[in-house]
Amino acid sequence: MVSNGTKGRFTLTGKVHEGNCSFSISNAQPADQGFYEFRIEEGSHKYSYSWDKLNVNVTDLPEPTISPVGELIAGKPITLTCTAHPAPQGCKGNITWGGRINIENIYNYEREDQAGKVTSISDITVTPSQREHNSPLTCTVTYSGVSTNSSITLGVQYPPSVTITVPDAPRSPAIWDCTSAGCRVEVIEGTSLSLLCSAESNPPANLSWEKMGQSSTDPLNSSSGRLNVGPVTAHNEGEYMCRARNKHGDSTASAIVVIIYAPRRLTITYCNITGNSVLCLYYKTLHYNFYTFWSHAHW
């Protein structure tokens, strides 16, 4: 008898008039589990083959497994494997992959054990990059229209890339972004300066500051990548470099700090008296510029 819960899923596939009373169950449900027996009813004639019952056991469709699940290294090819749950002979699982990472090669195959159960396996070769870090990768197995899947989050490790910013600069922060190419930062004498070093990396990088030309045994005082200098004087002028390092490599970025200060006092360095006139050489100092003034004084 066909109930509303089994209609469309229970199908008599055999030819009864030929003695074949086979039937199939599609999209099996937990409620379908139990013992089944064949019964004939025709008019007043009824008979059940209770002595030959069939036990149907319905289990959840197991998820496939993806391996390995450890950290990946950017730029290094690796083979990932999706293994489906063993299925009865003749029940083949079709494996497909989904995700943002580019699949370079794919190889699908099957393995049969002594009990006749078939395991579907799929190997893919990928070369992960930094942009795939924390992206999902999914393996889906389909058996006769019924699917199950498993997903992992890719953990990609990569060397650091460094950027220096001046967080308290009066100009647009974009002007002060310093990459590996370096940049120039102008600071007025007597004010304070903060340089912030940040690194994009996995695992997190160790950060350190140094002033070029300064002894490496005299480390700069910095905290969490932030270097505070000030009030600045001409002594603070120079190139400051931030270095980021993890187990996959290191990277640097530098900022050239230029101190701007007011003109110094004029100084007479040389005077020459010629007849009734005095010829004097003056100079005053501005940053990176020297000015020479000639003056004639008449007696």
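The values are calculated or read from the model by the stated rules, or taken from the named source; none is laboratory data. Computed from a predicted structure; not experimentally measured. Every residue, glycine among them, receives a Cβ derived from its backbone with ideal geometry; neighbour counts consider all protein chains shown.
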Selection count, the stretch 100-144, where residues are touching a residue at least 40 places away in the same chain (Cβ under 8 Å) and within 19 Å of residue 87 (Cα to Cα): 9
Among (1) more than 57 Å from the chain's Cα centre (by Cα); (2) at pLDDT below 80 - the single one residue 6 does not satisfy: (1)
Strands (runs of 3 or more DSSP E) lying entirely in the stretch 236-299 (those with 1 or more residues that are modelled with pLDDT under 90 and surrounded by 11 or more Cβ atoms within 10 Å (Cβ to Cβ)): 249-260, 267-274, 277-286, 289-298
Cβ-Cβ under 7 Å pairs, at least 6 apart or on other chains, the stretch 18-30 side not assigned by TED's automatic domain parsing to the domain that holds residue 146 and surrounded by fewer than 10 Cβ atoms within 10 Å (Cβ to Cβ), far side outside any strand (DSSP E or B) and modelled with pLDDT under 85: 30/58
Hits in the stretch 83-120 (condition: at pLDDT 90 or above and surrounded by 17 or more Cβ atoms within 10 Å (Cβ to Cβ)): 83, 84, 95, 97, 99, 101, 120
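Confirm whether residue 210 is buried (at least 16 other Cβ atoms within 10 Å of the Cβ) and either modelled with pLDDT of 85 or more or not in a strand (DSSP E or B) (or both). Give the derivation first.
On the way: buried (at least 16 other Cβ atoms within 10 Å of the Cβ): yes; either modelled with pLDDT of 85 or more or not in a strand (DSSP E or B) (or both): yes.
Spelling it out, residue 210 is indeed buried (at least 16 other Cβ atoms within 10 Å of the Cβ) and either modelled with pLDDT of 85 or more or not in a strand (DSSP E or B) (or both).
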Answer from 162, 185, 232 - the residue that is modelled with pLDDT of 85 or more, out of contact with any Lys or Arg (no Cβ under 7 Å at 6 or more places or on another chain) and in a loop (DSSP other than H, G, I, E, B): 232
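Residues that are more than 14 Å from residue 152 (Cβ to Cβ) and among the polar types (S, T, N, Q), at least 3 per element: which strands (runs of 3 or more DSSP E) completely within the stretch 66-138 meet that? Explain how you work it out, then say what you get.
On the way: elements: 78-83, 94-99, 103-112, 118-126.
Of the strands (runs of 3 or more DSSP E) lying wholly inside the stretch 66-138, those with at least 3 residues that are more than 14 Å from residue 152 (Cβ to Cβ) and among the polar types (S, T, N, Q) span 118-126.
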Long-range neighbours under 9 Å by Cβ, at least six apart or interchain, first residue in the same structural domain as residue 24 (by TED's automatic domain parsing) and of a type in the set (S, T, N, Q) within the stretch 34-54, second surrounded by 10 or more Cβ atoms within 10 Å (Cβ to Cβ) and in a strand (DSSP E or B): 48/39; 48/40; 50/39
Residue, nearest to residue 150 (Cα to Cα), within the stretch 51-61, restricted to residues that are under 58 Å from the mean Cα position of the chain (by Cα) and assigned to a loop (DSSP other than H, G, I, E, B): 61
